[in-house]
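The values are calculated or read from the model by the stated rules, or taken from the named source; none is laboratory data. Just so it is clear, the structure is predicted and the values come from calculations on it, not from any experiment. Note that we place each Cβ from the backbone using ideal geometry, even for glycine, and neighbour counts take in every protein chain shown.
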Amino acid sequence: MMGGNVMNGSYKSVIHVTTFGEFSMEFNGHRISDADDHSKKPWLLLEYLILFRNREISPEELSEAV
C-alpha cells in the first residue's frame, strides 16, 4: 500500500523499492521501473546506491558496480 506513516503527529513519506526481477520504485501511486527505459546503467546505479545507502561508496566501487 502506498502512502505514508503518521509518526508523532508528522507525516512520513514512504517510497517502495523492488529489486527482485525488475527494479521499480513507487511513490504516492506513481510507479517507474527499468522496463520503462532502455538504458540499464542509470537504474543499476540507483539500485546500488539504495541498497548500500548506509555506508560510504567510493567512485571506484561505483564504477566497478555499474
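Figures for the structure shown
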| read-out | value |
| --- | --- |
| Pair list, Cβ under 6 Å, 6 or more apart: the stretch 4-28 residue assigned to a strand (DSSP E or B), other residue surrounded by 11 or more Cβ atoms within 10 Å (Cβ to Cβ) and modelled with pLDDT under 65 | TYR11/GLY4; LYS12/GLY4; SER13/GLY4; GLU26/MET2 |
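Table: residues versus (1) surrounded by fewer than 11 Cβ atoms within 10 Å (Cβ to Cβ); (2) modelled with pLDDT of 80 or more; (3) touching a helix residue (DSSP H, G or I) at 6+ places or on another chain (Cβ under 8 Å).
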{"residue": "VAL6", "(1), (2), (3)": "yes, no, no"}
{"residue": "LYS12", "(1), (2), (3)": "yes, no, no"}
{"residue": "HIS30", "(1), (2), (3)": "yes, yes, no"}
{"residue": "ASP37", "(1), (2), (3)": "yes, no, yes"}
{"residue": "LEU44", "(1), (2), (3)": "no, yes, yes"}
{"residue": "ARG55", "(1), (2), (3)": "yes, yes, no"}
